[in-house]
Amino acid sequence: MTGIAGYTALAALVVVVPGADTLVVVRNTLSGGHRSAIRTTTGVCAGLAAWALLSSAGLAAAVAASPTLFAVLRAAGAAYLVYLGTQALVAASRAVTEPELPAGRDWRQGALTSLGNPKVGVFYTSLLPQFLPAHGSALAPAALLASIHIALSFLSLLAYGVLVARMGDILRERRWRKVLERSAGVALCAIGLWLMVAAVTEI
C-alpha cells in the first residue's frame, strides 16, 4: 500500500505540470467548450493507454534502447506540435472566431499529441518497475499503476478544461481569444521546435 501511495503522489506531481497535452486541451476547449475538453482529454488518455500496452509488450523499452528510433518518434511528435501551434497562430490572426472542431478531430489531436511523446513509454518502463512486487506476476500491478497515472492525467487535464470552459464568456471575447490563441500557438511551436532540435541532434 505504501508503494502505491508513493507512486500515486509521484505520478500526481508529474501530471499536474502543464505540458503540450494541456495546451491542446485548453485550445480545443476555447473552440468547443467542455465537450471538446472531454474529447481531447479522452484522446490524450487513449494515447497513454496505448503507451502502457506497448510498454507491457516490451516495445517501449526497445524504442528507448534505440536512440535513432527514439529520436525519430520525438521529431515526429515535435513536428505535430509545431503544426498545432501554427494552426493556433493562424486562428489568432483571423478576424472571425474559428469554428468548433468537427467531432472526432479534437480526440485525434489529443491522442496524437500523447502518442507523439515517447517519453511516456520511458516513464512506464523506467518508473513502474520500481513499484512492482519482486515476486509473482507483475502484469496486474503494472496495469494498476498505469491506470492510476492515466486516471490522474484525465482528472488533471479535465480540470484545466473545466476552468477554461467556466471562464468561456470572458475568454471567448475576440480580444482575449486572440491573446490566448496566440499564446498557445507560440508555446506549442516553441515546445515543438525545442523538442525537434533535441531529437535531430540525437539522430
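Nothing in this text is a laboratory measurement; each read-out follows from the coordinates by a stated rule. Not measured: the values here are computed from a predicted model. Methodologically, a virtual Cβ is constructed for each residue, glycine included, from the backbone with ideal geometry; neighbour enumeration extends over all protein chains shown.
Here are a few things to note about the model shown:
- Loop-located chymotrypsin sites (Phe, Trp or Tyr not before Pro) across the stretch 66-95 with a Cβ neighbour count of 11 or fewer within 10 Å are lacking, with loop assigned by DSSP.
- Where labels lie 7 Å past Cα in the beta-carbon direction, separation of ALA143 and ARG35 in nm: 3.4 nm
- J(HN,Hα) series, the stretch 105-115, from Karplus relation 6.51 cos²θ - 1.76 cosθ + 1.60, nearest Hz, glycine and proline x: 6, 5, 4, 5, 4, x, 5, 5, 4, 6, 5
- The ALA190 and ALA151 beta-carbon pair, evaluated with R₀ = 30 Å, returns a calculated FRET efficiency of approximately 0.55.
- Residue list for the stretch 26-53, given a label point 7 angstrom along the Cα-to-Cβ vector of ARG182 and an amide N cut-off under 18 Å: 27
- Burial order of peptide ranges 143-150, 13-20 (average beta-carbon count within 10 Å, highest first): 143-150, 13-20
- In terms of packing, defined here as the mean over residues of other Cβ atoms within 10 angstrom, the peptides 119-125, 34-40, 23-29, 187-193 line up highest first as 23-29, 34-40, 119-125, 187-193.
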